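The structure under discussion appears below in the form of structure tokens.
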Amino acid sequence: MQIVAIIPARYGSTRFPGKPLTQIVGKTMIQRVYELAAQIPELQEVYVATEDDRILQCVQSFGGRSIITGRDHLSGSDRLAEAARILNLADDAIVVNIQGDQLVFPPSLVSELIARLQEDSKSAIATPIRRFSDLLMASNPNVVKTVFDNHHYALYFSRAAIPFFRGNGGTPYFYKHIGIYVYRHSFLQRFVNLSPGSWETAEKLEQLRALEYGDKIKVVETDFETLEVDTPEDAQEAEAFFRLRTSV
């Protein structure tokens with residue numbers, strides 16, 4: 001079975017143009033993500049999917065593989081699906097989607113996601129979550145929360161603080177969704193051709209489309225923290241993080 005990681009990396013970000021090429025302690029962000037992804041033992045190949053020649057050339061300069069995709073994709077999933085078609089992946093291939101700004105994550109977590117998807121034929125997607133109790137973090141719309149059933153299938157994802165603890169339910173706790181996805185390739189190609197649903201449109205969360213159309217998302221709990229970069233300020237924090245880690 002083919003198991004391939006594709007890292008969507010767009011140069012023309014509205015909030016942070018050129019983000020993948022941002023230097024973090026001597027390496028570009030996209031190189032750091034690529035090298036971390038390459039540590040996942042189940043992967044046969046790692047690719048960067050981009051719309052920009054500057055990112056393509058950067059990836060090639062450190063010996064990575066990159067694919068030029070269209071400039072008009074509305075989401076990372078659309079770019080991912082095009083890259084998978086260019087690679088001519090088999091229908092039963094597994095496609096790992098690692099965000100181009102996911103600077104820190106444990107490769108073992110992705111290995112677990114792959115294993116969960118392989119052993120559960122009902123699931124179309126596997127993705128990680130992490131439990132937390134910080135009420136300020138729960139109220140942050142940039143932190144996506146999820147609730148799930150007893151079989152660890154997602155019931156809903158929201159920017160709101162779900163569930164709502166009305167009282168007498170103990171200390172409130174929540175589950176943060178971490179934006180790493182493992183897809184069945186056949187599902188991915190079908191998914192990007194579906195019209196966005198009502199809840200996806202409301203929340204601006206693409207994974208809700210899968211739930212609205214009745215597909216199952218397996219959520220895998222982890223204790224690991226990750227490090228993502230959305231803004232130039234986040235990049236400064238990442239720089240401080242890597243400087244501290246290399247000095248230890």
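The values are calculated or read from the model by the stated rules, or taken from the named source; none is laboratory data. Nothing here was measured: the structure is a model prediction, and the numbers come from that model. Glycine gets a Cβ as well: all are built from the backbone with ideal geometry, and neighbour counts include every protein chain shown.
Taken over segment 147-189, the criterion of being surrounded by fewer than 14 Cβ atoms within 10 Å (Cβ to Cβ) and on the phi > 0 side of the Ramachandran plot is satisfied by 167, 168, 170.
Annotation note: of 122, 204, the sole residue that is surrounded by fewer than 16 Cβ atoms within 10 Å (Cβ to Cβ) and on the phi > 0 side of the Ramachandran plot is 204. For the subset of segment 9-28 comprising residues that are under 19 Å from the mean Cα position of the chain (by Cα) and of a type in the set (D, E, K, R), which member is modelled with the lowest pLDDT? Among those that are under 19 Å from the mean Cα position of the chain (by Cα) and of a type in the set (D, E, K, R), it is 15. Is one or more of the residues making up segment 7-21 over 18 Å from residue 231 (Cα atoms), surrounded by 15 or more Cβ atoms within 10 Å (Cβ to Cβ) and either of a type in the set (Ser, Thr, Tyr) or not assigned by TED's automatic domain parsing to the domain that holds residue 206 (or both)? Yes, some residue in segment 7-21 is over 18 Å from residue 231 (Cα atoms), surrounded by 15 or more Cβ atoms within 10 Å (Cβ to Cβ) and either of a type in the set (Ser, Thr, Tyr) or not assigned by TED's automatic domain parsing to the domain that holds residue 206 (or both).
On the given criteria, is residue 94 crowded, with 17+ Cβ neighbours inside 10 Å and of a type in the set (Val, Ile, Thr)?
yes
Residue 206 fulfils the conditions (1) assigned by TED's automatic domain parsing to the domain that holds residue 126; (2) over 29 Å from residue 18 (Cβ atoms) except for a single criterion, (2). Name the residues in segment 29-58 that are under 19 Å from the mean Cα position of the chain (by Cα), without any contact (Cβ under 8 Å) to a residue 40 or more places away in the chain and surrounded by 21 or more Cβ atoms within 10 Å (Cβ to Cβ), would you? Selection gives 31, 34. Quick check on residue 139: is it closer than 30 Å to residue 243 by Cα, surrounded by fewer than 16 Cβ atoms within 10 Å (Cβ to Cβ) and modelled with pLDDT of 95 or more? No: the conditions fail for residue 139. Could you please find all residues in segment 68-91 being buried (at least 20 other Cβ atoms within 10 Å of the Cβ) and either in contact with a Cys (Cβ under 6 Å, 6 or more places away or on another chain) or among the β-branched types (Val, Ile, Thr) (or both)? Residue satisfying the conditions is 69 alone. Among all positions in segment 59-67, there is at least one residue which is touching a Phe, Trp or Tyr at 6+ places or on another chain (Cβ under 8 Å), in a loop (DSSP other than H, G, I, E, B) and at negative phi.
Within segment 23-54, restricting attention to residues that are in a loop (DSSP other than H, G, I, E, B) and of a type in the set (Val, Ile, Thr), which residue is nearest to residue 79 (Cα to Cα)?
Looking at residues that are in a loop (DSSP other than H, G, I, E, B) and of a type in the set (Val, Ile, Thr), I get 40.
A count restricted to segment 9-22 and to residues that are free of Cβ contacts under 8 Å to residues at least 60 places away in the same chain and outside any loop (DSSP other than H, G, I, E, B) stands at 1.
Among the residues of segment 157-172, some residue qualifies, meaning at least one is assigned by TED's automatic domain parsing to the domain that holds residue 132, of a type in the set (A, V, I, L, M, F, W, C) and within 26 Å of residue 5 (Cα to Cα).
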